[in-house]
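Trainee: This is the structure, below, for whatever I ask next.
The values are calculated or read from the model by the stated rules, or taken from the named source; none is laboratory data. All of these numbers come straight from a predicted model, not from anything done at the bench. Cβ sites come from the backbone with ideal geometry, for glycine too, and all protein chains shown count toward neighbours. These area figures cover heavy atoms from the full protein model, side chains too; ligands, DNA and RNA do not enter into them. Shrake-Rupley method; radii C 1.70, N 1.55, O 1.52, S 1.80 Å.
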Amino acid sequence: MNKQISFDPSCQDDSDPTSLPVDAAWERIQTDIQPVAGVERLNVRQSLGRVLAEDIRSTVDVPAHDNSAMDGYALRAADLPASGTAALRLVGTALAGRPFHGTVAAGECVRIMTGAPMPPGSDTVVIQEQAEADGNSVRIGADHKPGQNVRRAGEDLQLGQTVFSAGTRVGPAELGMLGSLGLVEIGVYRRLRVAYFSTGDELQSAGTQLEAGQIYDSNRYTLHAVLQRLGVDVTDMGVVPDEPAAMETAFRDAAGFADAVITSGGVSVGEADFVKDILEQLGEVSFWKIAMRPGRPLAFGRIGSARFFGLPGNPVSVVATWYQFVQPALRRMMGQKLERPLSFRVRTLDRLRKRPGRTEFQRGILKRQPDGELVVRTTGSQGSGILNSVSRANCFIVVPHDSGAIAAGEYVDVQPFEGVMGN
Ligand code: AMP
Ligand code: MG
């Protein structure tokens, strides 16, 4: 008779006291990692995705002059009628790029278009929908405010103001602002060089037939995608078999040219030891286990002058460790100021399974309820091999270290996957 034993090896060492809590691991990265040396001057447009190596100060007021926010008539506030209507004499036109050169005197107005400089003497714009033009006479009613519909010089950026400090990553909004300052070239950190490879005798590349026990390598695709998006120079070094000599050669090669070396697989119990031995010969390893799930075995250290990130082999663990630690660390190396991922609190509609003693990054789906409340649901099974849980998700649900299971209806922290402006 077969005796059924329920045994989940991954749960055995859940409260492993040698595991580093997520916050402590974060602190270590923060203190250990510095931006790479090397700054270059680039044309503003080419700086998208790069990190500023210098403070940017405004050399102009933006906008450069008071201008109209609407199409209408520029006039003196003193001519606005307190009640009834007033008739003003039309004396000219001001267009964006073609100012009106005269002065607006009492009882006069100028036809003005959005973006046109306010003519001297005028300080208020009445929009065209609220004015009645008849030849050279413009009739306006009451209920207007002095100074309305005028954009002030320097209201966006003031001359001499620090617009961005060093360490800011240039995204679409920053690029637009750099453009508005009229800058041609700016100083940015040089591009980071990152090499990555997968380890595992079972891994095959696309285009080959799978033999028994083999699987296709997905981690190199995931890493390719996230590294491309980050905007670094990437070198894909392929699959390296679980052999010490091959591994050592790969580590040496990668560390010879890369600022950072990322591997997946070979850091779990049983496989870890020989990878660890090699790394200890070639460099140093900082920590081997983080109290998180998925992604507990995560190695971090250096080989020569290169930083090393040894990710677990499980595809979901790769995603979780990438977002929580590797991407922030690489951003720091790229010169960026370090920031924890954005999170906010919403109610979970599902019960979430969880054991105390590790931070969990469960996959969730954020959705707006018909009543307008933003809530989260779990994607279901949280196995670290189930990569489709990540593609169906749009956020991590972060369940803290000491927390047990979370009841439906409780509030939880979520980290959305996508940043709005793509910085
Ligand atoms: P390891 O960390 O090497 O023990 O691998 C843990 C699990 O992840 C095993 O089931 C591996 O087959 C799987 N795995 C490792 N590397 C990859 C990869 N590059 N692509 C897909 N699955 C992988
Ligand atoms: Mg392996």
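Trainee: Can you tell me which residue among Thr114, Thr103, Thr85 is in contact with an Asp or Glu (Cβ under 7 Å, 6 or more places away or on another chain) and among the hydroxyl-bearing types (Ser, Thr, Tyr)? Please lay out each step first, then the result.
Mentor: On the way: Thr103 fails: in contact with an Asp or Glu (Cβ under 7 Å, 6 or more places away or on another chain); Thr85 fails: in contact with an Asp or Glu (Cβ under 7 Å, 6 or more places away or on another chain).
When all the criteria are applied, what remains is Thr114.
Trainee: Please work out which one of (1) part of a strand (DSSP E or B); (2) on the phi > 0 side of the Ramachandran plot is the condition Val163 fails and give its number.
Mentor: Failed condition: (2).
Trainee: Every residue in region 259-271 that is at negative phi and either within 16 Å of ligand 2 (Cβ to nearest atom) or open to solvent by 10 Å² or more (accessible area, probe 1.4 Å) (or both), please.
Mentor: If the condition is that a residue be at negative phi and either within 16 Å of ligand 2 (Cβ to nearest atom) or open to solvent by 10 Å² or more (accessible area, probe 1.4 Å) (or both), then Asp259, Ile262, Thr263, Ser264, Val267, Ser268, Val269, Glu271 are the ones that fit.
Trainee: Among Asp61, Asp143, which is at pLDDT below 95, loosely packed, with under 14 Cβ neighbours inside 10 Å and over 30 Å from Met333 (Cα atoms)?
Mentor: Asp143
Trainee: Mind checking which residues of region 297-318 are in contact with a helix residue (DSSP H, G or I) (Cβ under 8 Å, 6 or more places away or on another chain) and either over 20 Å from Arg193 (Cα atoms) or free of Cβ contacts under 8 Å to residues at least 24 places away in the same chain (or both)?
Mentor: Correct list: Pro297, Leu298, Gly301, Pro312, Gly313, Pro315, Val316.
Trainee: Mind listing whichever residues of region 87-103 are in contact with a strand residue (DSSP E or B) (Cβ under 6 Å, 6 or more places away or on another chain) and either among the aliphatic types (A, V, I, L, M) or within 15 Å of Gln128 (Cβ to Cβ) (or both)?
Mentor: Matches in region 87-103: Ala87, Leu88, Leu90, Val91, Thr93, Ala94.
Trainee: Just checking, how many residues over region 84-121 are in a loop (DSSP other than H, G, I, E, B) and over 44 Å from the mean Cα position of the chain (by Cα)?
Mentor: Number of matching residues: 12.
Trainee: Looking only at region 288-306, which residues are more than 16 Å from ligand 1 (Cβ to nearest atom), over 11 Å from Phe251 (Cα atoms) and not aliphatic (A, V, I, L, M)?
Mentor: Gly301, Ser305
Trainee: In region 272-305, what residues are touching an Asp or Glu at 6+ places or on another chain (Cβ under 6 Å) and open to solvent by less than 50 Å² (accessible area, probe 1.4 Å)?
Mentor: The answer is Ile278, Gly301.
Trainee: In region 260-280, what count of residues is obtained for those that are over 26 Å from the mean Cα position of the chain (by Cα) and touching a residue at least 24 places away in the same chain (Cβ under 8 Å)?
Mentor: Selection size over region 260-280: 12.
Trainee: Condition check: hydroxyl-bearing (Ser, Thr, Tyr) and either away from ligand 1 (no atom under 16 Å from the Cβ) or touching a Pro at 6+ places or on another chain (Cβ under 8 Å) (or both). Does Ser198 satisfy that?
Mentor: Against the criterion (hydroxyl-bearing (Ser, Thr, Tyr) and either away from ligand 1 (no atom under 16 Å from the Cβ) or touching a Pro at 6+ places or on another chain (Cβ under 8 Å) (or both)), Ser198 does not qualify.
Trainee: For region 302-319, which residues satisfy the criterion of being under 22 Å from the mean Cα position of the chain (by Cα) and either among the hydroxyl-bearing types (Ser, Thr, Tyr) or outside the structural domain of Leu223 (by TED's automatic domain parsing) (or both)?
Mentor: Selection gives Ser317 alone.
Trainee: Within region 173-203, track down each residue that is open to solvent by 10 Å² or more (accessible area, probe 1.4 Å) and within 16 Å of ligand 2 (Cβ to nearest atom).
Mentor: Within region 173-203, Thr199, Asp201, Glu202, Leu203 qualify.
Trainee: Here is a check on your reading of the model: is Val239 surrounded by 16 or more Cβ atoms within 10 Å (Cβ to Cβ) and within 16 Å of ligand 1 (Cβ to nearest atom)? Reasoning before the result, please.
Mentor: On the way: surrounded by 16 or more Cβ atoms within 10 Å (Cβ to Cβ): yes; within 16 Å of ligand 1 (Cβ to nearest atom): yes.
Considered against the rule, which asks whether it is surrounded by 16 or more Cβ atoms within 10 Å (Cβ to Cβ) and within 16 Å of ligand 1 (Cβ to nearest atom), Val239 comes out as yes.
Trainee: OK, next. Applying the selection to region 389-412, what residues are within 25 Å of the chain's Cα centre (by Cα) and either over 18 Å from Ala320 (Cβ atoms) or open to solvent by less than 50 Å² (accessible area, probe 1.4 Å) (or both)?
Mentor: Within region 389-412, Ser389, Val390, Ala393, Cys395, Phe396, Ile397, Val398, Val399, Tyr411, Val412 meet the criteria.
Trainee: How many residues are part of a loop (DSSP other than H, G, I, E, B) and not charged (D, E, K, R) when one looks only at region 28-69?
Mentor: Going through region 28-69 one residue at a time, the tally reaches 16.
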